[in-house]
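Since the structure comes first, as structure tokens, the remarks are kept for the end.
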Amino acid sequence: MIITQSLQSNLLLGGGRKSNQKASSASSREFGVLLQSCIKTKSFQNGVRLHNQILEAGFERNHDLLPRLVKFYATCGCVEEARKLFDKYPKRSLNVFVWTSLINGYIENEQPYQAFDLFREMLEFGIKPDSFTFSALLKACALLGSPELALQLQSLATKAGHSSSLSVTNSLIHVYGSLGDFASALQVFDGASSRDLVSWTSMIRSCSILKKYAESMELFSKMQLEEGLKPNELTIVSVLPACGFFSFLRSGQAMHAYIIRRQLPLNSFVGSSLVSMYSQCGDPEDAFRVFDTMDERNVVLWTSMIEGFAMNGQFDSALKLFDQMREKGIRPNYVTLVVVLCACSHGGLVEQGWKIFNSMREEFGIVARVEHYACMVDMLGRVGKLEEAEEFIEGMNIEPTASIYGSLLGACQVHSNVELGERLANKLLELEPDNAANYVILSNIYASVGKWEDVQRLRDLMVDRGLTKSPGCSWIEIKNKTHVFGAHDRSHPDSDNIYRKLEDLGDQIARAGYVPLTKFVLLDVEEAEKKRLLCSHSERLAIAYGLMNAPSRGPIRIAKNLRVCGDCHEAIKLVSLVTRRELVIRDTSRFHHFREGSCSCGDYW
DNA sequence: GTAGGGTTAG
């Protein structure tokens, strides 16, 4: 509405200034504005009526109106109509604007091949593409998943002198980022002669997509400090995954507050990224608050919230929300079902899991993909039904992938099944010889049953193949500063006090019945050394520091880059009991909410 | 007439 009004006022201003122009010219402008508003509102009937009037007035071929008419039909999903209109006139007589409109029309209707065919034809007719043409075609590269094609277009655009155009620069950053070519995206961004908010937002998004979250946050502050650019809601959406990844609740809250303060639109995109961020920060209550206040809830928003509950151990709430979503007539998509099956798996809800999996096609019209199968394998593996899981894999409609075997290998580690673990790991080492995780899991399986020679053999193999495992660490945010701890770390300036606090906590939990579970030490050392090593796992250092420095109210939140070990899990339950504090720990994919001696995961993770 | 946004198993 506002847009239409501003267009109308522009028209008035323009008309005033050019009062000596011919009447027909003023009318064609008027038609242009009206057509534009039909495109914006996608009002098909009004547009067709307008087209007829344009035809009667003899304006159809007007250099400004024809491209808009083409765009109108394409926007309303009638790209064939747009093509008919295009074919009505000799191609050589049509300007680049008309050609680009139809190219764009094909892309908007997800027909990238037709777009490229038309581009080829355009070049053959000697029509020179402009920056708009290149922007449009770069979008098509993302659809086709082809960074090579993007590179070709980049060199064509450079030759044609359009490479410094902002829209070409920004499209290039976007397409390279979307296709996983971070180096090229960065090269375009760094080499750009000018950058605007879109360039920064695209680069921040590229970092987030490629899981370069630190870079994402760094760019976000650099953009404001060095360029003085103010983020908008798209920038916020691009940086929120980074807040979630690091569990930086305060930063995430600041983003949320910024949206509200600047009155930026809180649409479904912003809504779902906020829900995800709060969930990843172990705060499902605030995630739900955002979810609950959204006017319009689409499938992605529902999916985010279901995942948010599941991630935080609230499996019943997750499944209840799934029911509610269906009652509201929202059709789940395949991601929703991945999330729901994963909730069943993590919550040990085997019966519900089977029921949902078996009804996927009939009830939701969704054919199971590899992700769904992986959830089922994980679900069976977790409850120790390893053989059933293996049979399930054999009976699958699809070829098992490394991820399927990986799911079951994880279960073999939990249930110390050496025989199956070995078999699977050998398959996996062939399928993905560069994935360090497989070596580590197999080595842990050997360690858990004391096969130290095999542990050593795998370590040597990893060294030979140049693979390293990422060292475990935990971190905590205190007063906007992040404190990172490695296992047995003594590098923190407050280290002495932290270890004193740990000793004190050790005494308290021992009185509450703690017995160290030394089987979780995967090293061939003496029993006493094992006990000592357990006490200084990184999450315990972070907890001790948190208890000393976090505000006295509210939960203490810690994030960790690996799974919490079984012994720490027991110890932390008791720490929550003796200190009467809620402790929230995020591991690689989910949360443990420790309260009064128990954990939200129900010891099942 | 152009460019940038949310959910996904292990």
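The HN-Hα couplings worked out from phi for region A:229-237 by the Karplus form 6.51 cos²θ - 1.76 cosθ + 1.60 (θ = phi - 60°) are 8, 9, x, 10, 5, 6, 5, 4, 4 Hz, whole numbers, x standing for Gly and Pro. Counting only lysines at least 8 places from residue A:501 when in the same chain, those with an alpha carbon closer than 28 Å to its own are A:479, A:481, A:519, A:530, A:531, A:560, A:573. Here's the list of aspartates and glutamates a cross-link from residue A:355 could span, going by alpha-carbon distance under 12 Å and ignoring same-chain residues fewer than 8 apart: A:363. A crude spin-label estimate for the pair residue A:214 and residue A:495, with each label 7 Å from Cα along the Cβ direction, gives 2.0 nm.
Counting only C-alpha contacts under 8 Å and six or more residues apart, can you give the relative contact order of region A:339-443 as a whole percent? 21 percent. Taking only the Cα atoms of chain A, the radius of gyration and Dmax are 29.3, 97 Å.
Put a plus charge on the Cβ of each Lys and Arg, a minus charge on the Cβ of each Asp and Glu, and nothing anywhere else: the dipole of region A:123-280 about its Cα centre is then about 380 debye. According to the Cα-based calculation, Rg over Rh for region A:550-594 is 0.96, with Rh computed by the Kirkwood formula.
Run down the aspartates and glutamates and flag those whose C-alpha is under 12 Å from the C-alpha of residue A:159, throwing out any fewer than 8 positions away in its chain. Hits, sequence-local ones excluded: A:130.
When the charge dipole of chain A is built from unit charges on Cβ atoms (+1 for Lys and Arg, -1 for Asp and Glu) and taken about the Cα centre, the candidate among A:125, A:220, A:536 whose Cα reaches farthest toward its positive end is A:125. Sorting A:129-137, A:154-162, A:214-222 by their mean Cβ neighbour count within 10 Å, with the most densely packed peptide first, gives A:129-137, A:214-222, A:154-162. Taken as Cα centroids, region A:195-224 and region A:375-439 sit 37 Å apart, rounded to the nearest whole angstrom. With Cβ to Cβ distances under 11 Å as the rule, what net charge do the other residues near residue A:339 carry (K, R +1; D, E -1)? Net local charge, residue A:339 excluded: -2. When the helices of chain A are scored as -39500 (n - 2.57) per DSSP H run of n ≥ 4 and the total is divided over every residue, the value at 222 nm lands at -21000 deg cm²/dmol. With q set to 0.23, 0.25, 0.26 Å⁻¹, the log10 of I(q)/I(0) for region A:483-551, from the Debye formula over equal scatterers at the Cα positions, is -1.06, -1.18, -1.22.
Distant-in-sequence amide contacts of residue A:313, defined by a placed amide H-H separation under 5 Å and a gap of 5 or more residues or a different chain, comprise A:591.
Judged by the mean number of other Cβ atoms found within 10 Å, the most tightly packed of the peptides A:565-571, A:492-498 leads the ranking A:565-571, A:492-498.
Using θ = phi - 60° in the Karplus curve 6.51 cos²θ - 1.76 cosθ + 1.60, the 3J(HN,Hα) couplings for region A:173-182 round to 4, 5, 5, 5, x, 4, 8, x, 9, 5 Hz; x is entered for Gly and Pro. Here the convex hull built on the C-alpha positions of region A:28-74 has a volume of 55 cubic angstrom per residue.
Computed from backbone phi with θ = phi - 60° and the Karplus coefficients 6.51, -1.76 and 1.60, the 3J(HN,Hα) list for region A:158-165 is 5, 4, 7, x, 10, 6, 8, 5 Hz; x is used for glycine and proline. Ignoring solvent entirely, what values of log10 I(q)/I(0) come out of the Debye formula for region A:307-411 at 0.18 Å⁻¹ when each Cα is a single scatterer? Cα-only, vacuum Debye calculation for region A:307-411: -0.83.
For the pair region A:61-131 / region A:507-580, the C-alpha centres are spaced 65 Å from each other. Per-residue Cβ neighbour counts within 10 Å put A:462, A:379 in the sequence A:462, A:379, beginning with the fewest.
According to the Cα-based calculation, Rg over Rh for region A:440-518 is 1.10, with Rh computed by the Kirkwood formula.
Think of each Lys and Arg Cβ as +1 and each Asp and Glu Cβ as -1; about the Cα centre, that makes the dipole of region A:423-465 roughly 160 debye.
Every read-out reported here was derived from the displayed coordinates using simple, explicitly stated rules and does not represent laboratory data. Nothing here was measured: the structure is a model prediction, and the numbers come from that model. Cβ coordinates were reconstructed from backbone atoms using ideal geometry, including for glycine residues, and neighbour counts include every protein chain displayed.
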